[in-house]
Amino acid sequence: MLQKKTSLKDIAQEAGVSIALVSYVLNNKKEGRIRKDIAQKIRDIAHKLNYRTNQIAKSLKTNKTNTIGLIVADISNNFSSNLARIIEDEADKFGYTVIFGSSDENENKFRKLLDTLLNRQVDGLIMAPPINSETEIKELIRLQIPFVMIDRYYPEITTNYVVLDNFNAAYKCTKHLIDNGRSAIGTITYGTPLHHLEERKRGYMAALKDNKVPFKMNWLKEIDIATKREDIENAIDDLLSQSQRIDAIFFGSNSIALIGLKYVNSLLIRVPKDLAIISFDETEALDLFYAPLTFLRQPLPEMGEAAVKILIDCINKNDNNTHVVMDGQLVVRASTQSSVPVL
């Protein structure tokens with residue numbers, strides 16, 4: 001049998017105070033003007049009576065739902081899941097709940113998620129949109145829906161965004177390999193028009209050029225963003241079978257690196273003696289490789305916190321577009337150090 005929902009009147013009667021006072025306390029209003037012992041007594045009674053805020057009524061009154069929609073590429077990916085958790089914790093500090101979903105880099109699924117979140121009347125959105133989403137982004141702008149793009153953006157569309165400086169990050173990774181004596185550096189990355197991944201490719205090629213390492217087209221392996229294990233393995237085989245055998249591989253993402261490392265290990269290639277390896281992003285699984293991987297760490301806590309704060313400002317009618325570009329940190333470990341003993 002369903003129990004009757006507790007009302008503000010029920011709490012007021014038991015506490016011996018007015019309904020207005022109960023409302024002020026439970027909605028965190030006029031805290032400085034209410035005695036602390038009275039406020040605590042009201043909260044204790046509300047807890048005892050299992051009081052739940054009527055969110056629908058509250059949203060009708062304030063025109064807010066205190067919810068944020070978050071769309072990531074793939075919540076199972078270490079990068080996306082860590083970012084989602086940071087955003088969730090940061091949003092909670094402002095009294096917001098996060099509803100999230102994965103687009104799986106599919107524009108149709110992205111559109112459905114957008115429709116679902118907007119139908120739930122979220123107050124704003126944080127998102128990493130897939131390719132071919134420009135129409136949806138422009139429509140959000142037209143409808144004046146607050147949103148922030150994270151991890152990626154469209155240079156030709158003026159929006160709020162928080163991203164990594166992918167060009168300099170990839171440049172830094174490639175130069176590190178060159179500085180450690182590598183002269184034939186292959187890379188495996190996603191072949192996609194997404195701007196942030198294009199910037200990684202551009203940074204890799206610029207580092208080779210600036211350090212007088214002649215670039216060879218067969219060093220660059222671009223695979224589909226919805227890649228399969230065989231595609232990565234074939235790319236590695238191609239790199240290792242060339243007449244000028246490569247002495248380093250730069251993996252363009254941690255998802256590529258996880259599959260790539262497993263395959264390299266099966267080939268009995270000595271890392272880093274025969275082959276240096278470096279990757280974008282981190283995941284604990286990379287520590288299990290006998291030569292812990294050198295990687296580019298993205299500033300996820302700072303990115304997530306900045307995105308939430310920018311969105312809250314936008315929700316509160318700050319119409320200025322904010323662009324945040326952050327630097328990545330190169331974490332150097334055994335997989336790129338030639339002096340490290342090989343098992």
Here the Kirkwood hydrodynamic radius of the chain, Cα-based and in Å, equals 22.9
Of the residues Leu275, Ile19, Met149, the Cα lying farthest along the dipole of the chain towards its positive end, which is defined by charges on the beta carbon of Lys, Arg, Asp and Glu, belongs to Ile19
Return one number: the angle in degrees, 0 to 90 and rounded to the nearest 10, between the long axis of the Cα atoms of helix 254-266 and the longest principal axis of the Cα atoms of the chain.
40
Treating the beta-carbon of each Lys and Arg as +1 and of each Asp and Glu as -1, no other charges, what is the dipole magnitude of the chain about its Cα centre, to the nearest 20 debye?
1320
Listed residue (Phe215, His47, Asn254) projecting farthest to the positive dipole end of the chain, Cβ model
His47
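For region 200-343, take N as its residue count and report Rg(C-alpha) divided by 2.2 N^0.38 Å. All intermediate terms of the calculation are to be shown ahead of the outcome.
Details: Rg = 18.3 Å, N = 144, 2.2 N^0.38 = 14.5 Å.
Its radius of gyration relative to the 2.2 N^0.38 Å reference: 1.26.
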Rank-order 94-100, 165-171, 154-160 by packing density, defined as the average count of other C-beta atoms within 10 Å over each peptide's residues, highest first.
165-171, 94-100, 154-160
Whole-Å distance, taken between Cα centres, linking region 156-191 and region 79-132:
26
Mean projected area in nm² (Cα convex hull; one quarter of hull surface) for region 134-213
5.9
Unsatisfied cross-links (Cα-Cα over 23 Å) in the set Lys109/Lys138; Lys228/Lys273; Lys64/Lys317; Lys109/Lys221:
Lys228/Lys273; Lys109/Lys221
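Within region 254-310, which GluC sites (Glu not before Pro) sit in a loop by DSSP and count at most 12 neighbouring Cβ atoms inside 10 Å? Spell out each step's value before the answer.
Details: sites: Glu282, Glu284, Glu302, Glu305; in loops: Glu282.
Listed in order of number, the matching sites amount to none.
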The residues Arg120, Arg35, Arg333, Arg202, sorted from fewest to most surrounding Cβ atoms within 10 Å, come out as Arg35, Arg120, Arg202, Arg333
log₁₀ of I(q)/I(0) at q = 0.16, 0.17, 0.18, 0.30 Å⁻¹ - region 110-173, Debye sum with one point per alpha carbon:
-0.55, -0.61, -0.67, -1.53
I want to verify the translational diffusion coefficient of region 67-152 in µm²/s; compute it with Stokes-Einstein, Rh as the Kirkwood radius over Cα pairs, at 10 °C and 1.306 mPa s.
124
Using alpha carbons only, how many degrees (0 to 90, rounded to 10) separate the axis of helix 300-315 from the longest principal axis of the chain?
40
Cα-based helix-to-principal-axis angle, 36-48 vs the chain, degrees rounded to 10:
80
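The numbers here are math on the coordinates, done by the rules we state, and not lab data. None of the values given here were measured: they were computed from a predicted structure. Quick reminder, even Gly has a Cβ in these numbers, built from the backbone with ideal geometry, and neighbours come from all protein chains shown.
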